Amino acid sequence: MNHIFVTAHLISYFYVPKKLQMQPDFEQLKAQLEGDLFIDNVQRVLYSTDASQYKELPLAVTRPKNKEDIKKIIDFARKNGTSVIPRGAGTSLAGQVVGPGIVVDVSKYMNRIVEFNEKENYVIIEPGVVLAELNLFLAKYGLQFGPETSTANRCVMGGMLGNNSCGLHSLVYGSVREHILEVDAVLSDGSETTFKALTKDEFKAKLNGNPNQLEKAIYQNINQLLSDENNQKEIRDKFPDPKLTRRNMGYAIDVLLDSAVFTKGGETFNFCKLLAGSEGTLAFSTRLKLNVIPLPPKHKGLVCAHFETLEESLHGNLVALKYKPTAIELMDDPVMQAAKQNREQNKNRWFVKGDPGAMLMIEFSFETEKELTETAAALEKELRQAKLGYHFPLITGEDKIKRVWALRTAGLGLLSNIPGDRKGVPGIEDTAVHPEYLPDYIADFKKVLKKLGLESIYYAHIATGEIHFRPLINFKDPNDVELFDTLMNEVAALVKKYRGSMSGEHGDGRVRGKFIPYMLGEKNYELIRSVKKAWDPDNIFNPGKIVDTPPITESLRVIPGKAIPEFDTEFDFSNYNGYFRSIEKCNGSGDCRKSDKSGGTMCPTFMATRDEDKTTRGRANILREFLYSSEKEQAFDHKEIYDILNLCISCKACKSECPSNVDMAKLKAEFLQHYYDIHGIPLRSKLIAYLPRLNRLAMVFQPLSNWMMNLSVTKKMVGFSADRNVPALSKITLNRWTSKGIHQPETAPKGKVYLFNDEFTNYNESDIGIKAILLLTKLGYEVQIPGTLESGRTFLSKGLVKTSKKIATANVERLKDIITKETPLVGIEPSAILAFRDEYPDLVDAELQAAAKQLGENALLFEEFMAAEIEKGNIQQSQFTNQEKQILLHGHCQQKAVASTEPSKKILSFPANYTVEEIPSGCCGMAGSFGYEKEHYELSMKIGEMVLFPAVRETRAETIISAPGTSCRHQIKDGTDRKAMHPVEVLYEALL
């Protein structure tokens, strides 16, 4: 028996994960780095996926602060026989940043704009600079970086170089390859070099007498390969059609072949063109010098051509190309239908007429409006004559055009809203053929789908011959996994027939690298492999991508054939077939990684920290992985999930701004309830959840209660920051003020409203509630306060969903028979009244859901009610002052996510000389109790400092600061020492 034990022990030793064997070495490396290094399972899981279907745990995750850190990491990898995986936003669709080595995330620290030369039209940047932020900087000088991807608000320039990204304007701007001037890089031996344009003499100097031996070998390798006439012929015969601008298979040796060194009359030789599209497999870029170009002409417009069928749109594209547009993008019916299910994108469908089978968004840019309108009219005339299309609106105006493009670029995320396990997966989504072949190519493609029993979505860059196909595949089903492999092979043959490219802009990665030998020929494949060997002899840089790739059906996010976990939940998740599938709606596209400079609210904790674990995607990845792989008796018993969700501030922005509608606040609340069922509820969470009920008792001892709550010792006991002012109790509750009845209008009322006396207004801000009643009464409305419980918001925010469910059920029962469209429920505090609309329908039991939904439809923000009455003409401007006032508005997060700030702006600007400007802020940072909690205070204030606080401080003292949310008003007071007013207060003071 002893030998069996020894054998077992040895086996267990040798099967200890490599990470554990290397832990002491990693600790030494960590001490040497200025940046960060992580080897814990949470961070490794966070970086184990991208926007593809692949998942592989890395050994470690690093976030370097500078070039020296990168050199140390490369040196460590070389000495320890592992690899380096460069990573930015992780939006890659071909698994480029998934692998078992050391992930090197440049997005957090290496994101500086180093130098800008307006005269010579170039900018030097670090690889972690976000494209949208770069263009915001350049726009001040009338310039831009040309290639613009749909992920512009989060993708980083290093990643764009790695993929040779193109984007929707590639018709005129081409790809990154056309705009990259120089690259400072660290080679696989740790040496440094700069790649840039070289004359023939400079190229020869690199071959001889070059003190950098690896660099010398790299130049010698390319010279040997491309000087060979047989190789030249093979490349020119087998690489994709050179007329096809979107060709990105393998390494761009065909482009280098056309340089002046090897082809008479060619362009200057520049290895940067090879690095573009190399996916981090050849060198590690530390600085990029980019060509920048003028912004397009001012007069822009989109002809949004509606077609009955996809086939019509393919022919329409060829007509549109004759008019020299700056972009043509395709959207098919499933994408537009999916947009209806997304609150944010449904608003962007305003220009869509009927249900077109396909739409072309055709952009023109001209120096004059006349040129724009005449070209649009001529295009429409020709399309109609050809009997192509039925509706051709011309969309102008920066805001409207931006909304149309937002609808198009949301396509990938929207597709995750399709219910069921079959999803639109990447693989064949990046194929490209010359536009003239598209009608025949698509016809052949549809035959392949029919043969395999599949359906697909069609969208994206039709102008340049690239349509993103998204066949619906279920990787949980082993049969579908085999089907995917078959489909990839069938499509590869089809693309080769038209001399196209399997990769147009998304790269080969691990999903398309397999097809390079077939598409380009074995000889060209060996040439490409020799390039990799010359640059990276020890296979350190991102191995398994482009060349020597693993099988395309290995290392999937899910294990084919393994059942997904099913859970009994308090919330109803049946719309997406359960809790786990609601998590799976996150496809990794990374929309939650946008910065505060890009606008919007999602995701405030990431905006303030730039940490992946503080994104909606990061939280979804942790939830999915730990629940899916859990071997515990109770799957929710994972502190890793609890810790990662701790910094989700439940702002609800992801519910509307995430194209996939991932509702992390709801997922978090459900998880916490299960976690508390196992571990019990923390005292502070109990105190906050039950605060409305505790306040009832505290009112008896007010003002002693106010004094006690703001003592340092009390804050310390509760776990609140000593720097916070705890909200005071009002002198009188709103319930008590109205206990003897509410004075009604002297004349016949214009209508009847039920004012929801929420827990915050009742106990902490009853003066606002009183003003709301007086305002509504004076405007001619009968006001009643129905008998209800609190909203349940404090319980929801702390994950006490069972109690919230009881509250929701009681309130629906009490209100369902009295609240109607004619007699709405009107609320003052957004987070409270919007619970009726957002959470209640999913909280109550099935027999009450219809009533809860109807109640939610008639539960209105105060501003919504007032705006509707103004629209009806029931409220007159003459009832308010004519004084001039400037108002700065900060909208509440849940208001933005579930309702809108438009009614707030409308009513605040209703008095004749009141003007309103909305602060382009996301979350204020307070987020209910989050900003009060001592461990969250610093982050809370950091969120406020991004946009909100500076905007408030810059205003004049006489400017009114307005914020509908109670926590927002407290945050503004604590952060700027300015008092913010609820719109109720503003209008009450404006009333004559």
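Probing with 1.4 Å while keeping every protein chain in the model, the per residue accessible area of segment 227-267 equals 48 Å².
Give me the base-10 log of I(q)/I(0) for segment 638-775 at each q in 0.22 Å⁻¹, Debye formula, one uniform scatterer per Cα, rounded to two decimals. So the normalised log intensities work out to -1.26.
In segment 816-964, the ratio of gyration radius to Kirkwood radius, Rg to Rh, stands at 1.03 when only Cα atoms are counted. Working from Cα positions, state the angle (0 to 90°, nearest 10) between the long axis of helix 616-629 and the longest principal axis of the chain. Tilt relative to the chain: about 80 degrees. With r defined as the distance between the Cβ atoms of Gln877 and Gln337 and R0 fixed at 56 Å, what FRET efficiency is calculated, to the nearest 0.05? After rounding to 0.05, the efficiency reads 0.85. Potential lengthening of the chain between Gln886 and Asn575 amounts to 107.5 nm, from the contour at 0.36 nm per residue minus the alpha-carbon distance.
Each residue of segment 436-441 was assigned a 3J(HN,Hα) from its phi angle through the Karplus curve 6.51 cos²θ - 1.76 cosθ + 1.60 (θ = phi - 60°); the sequence is 5, 8, 4, x, 5, 4 Hz, with glycine and proline shown as x.
The alpha-carbon of Lys523 sits under 16 angstrom from the alpha-carbons of these aspartates and glutamates, leaving out residues fewer than 8 places away in its chain: Asp228, Glu229, Glu234, Asp237, Asp254, Asp548.
Rounded, prolate or oblate: which one fits segment 514-578, using the alpha carbon gyration tensor with axes a ≥ b ≥ c (rounded when a/c is under 1.5, else prolate when a/b beats b/c, else oblate)? Since a/c reaches 1.5 and a/b is larger than b/c, the shape of segment 514-578 is classed as prolate. Taking 0.36 nm per residue of sequence separation and removing the Cα-Cα distance, the Lys353/Lys381 pair yields an extension gain of 8.2 nm. Taking a straight line from the alpha carbon of Lys979, these lysines sit under 18 Å away, with near neighbours fewer than eight places off in the same chain left out: Lys771, Lys885.
Averaged per residue, segment 392-505 has 34 square angstrom of accessible surface, using a 1.4 angstrom probe with ligands and nucleic acids left out.
Between Glu27 and Arg693, the contour length at 0.36 nm per residue exceeds the alpha carbon distance by 234.8 nm.
Most simply put, the chain has about 65% antiparallel DSSP beta bridges, counting only bridges with both residues inside it.
Taken one residue at a time, the phi angles of segment 134-147 give Karplus couplings (6.51, -1.76, 1.60, θ = phi - 60°) of 4, 5, 5, 5, 5, 4, 4, 10, x, 10, 7, 8, x, x Hz. Gly and Pro are set to x.
Once you order the gyration tensor axes a ≥ b ≥ c over the Cα atoms, which shape class does segment 588-711 get: rounded for a/c under 1.5, otherwise prolate or oblate by comparing a/b with b/c? Oblate. Heavy atoms of the protein chains alone define the surface here; on that basis segment 522-579 has 45 Å² accessible area per residue at 1.4 Å probe size. Amide H to amide H, with H built 1.01 Å from N, Tyr781 comes under 5 Å of Lys750, counting only residues 5 or more places away or on other chains.
Between the amide H of Lys652 and those of Ala665, distances stay under 5 Å, these residues lying 5 or more places away or on another chain, with hydrogens modeled in the peptide plane. The angle between the Cα long axis of helix 2-14 and the longest principal axis of the Cα atoms of the chain comes to about 90 degrees, rounded to the nearest 10. If you sort the three axes of the alpha carbon gyration tensor as a ≥ b ≥ c, you get a/c of 1.5 or more for segment 324-368 and a/b above b/c, which makes it prolate. Across the accessible surface of the chain, with the other protein chains kept in place and a 1.4 Å probe, carbon and sulfur atoms take up 51 percent. Of all aspartates and glutamates in the structure, the ones whose alpha carbon falls short of 12 Å from that of Lys715, not counting any fewer than 8 places away in one chain, are Asp723, Glu933. Per-residue Karplus couplings for segment 226-243, computed as 6.51 cos²θ - 1.76 cosθ + 1.60 with θ equal to phi - 60°, are listed in order as 8, 7, 6, 5, 5, 5, 4, 5, 4, 5, 5, 7, 10, 5, x, 3, x, 6 Hz, Gly and Pro entered as x. Scaling against 2.2 N^0.38 Å puts the C-alpha radius of gyration of segment 337-425 at 1.28. Each Cα pair under 8 Å and six or more residues apart adds its separation to the average, and for the chain the resulting relative contact order is 10 percent.
Take the residue pairs Lys119/Lys298; Lys140/Lys347; Lys119/Lys597; Lys206/Lys532; Lys55/Lys447; Lys476/Lys655 and return only those whose Cα atoms are more than 20 Å apart. Those over the limit are Lys119/Lys298; Lys140/Lys347; Lys119/Lys597; Lys55/Lys447; Lys476/Lys655.
The values are calculated or read from the model by the stated rules, or taken from the named source; none is laboratory data. Note that the structure is a prediction, hence the values are computed from the model and not measured. Reconstructed Cβ throughout: ideal geometry from the backbone, glycine too, with neighbour counts over all protein chains shown. Only protein heavy atoms, including side chains, enter the accessible area calculation; ligands, DNA and RNA are left aside. Shrake-Rupley method; radii C 1.70, N 1.55, O 1.52, S 1.80 Å.
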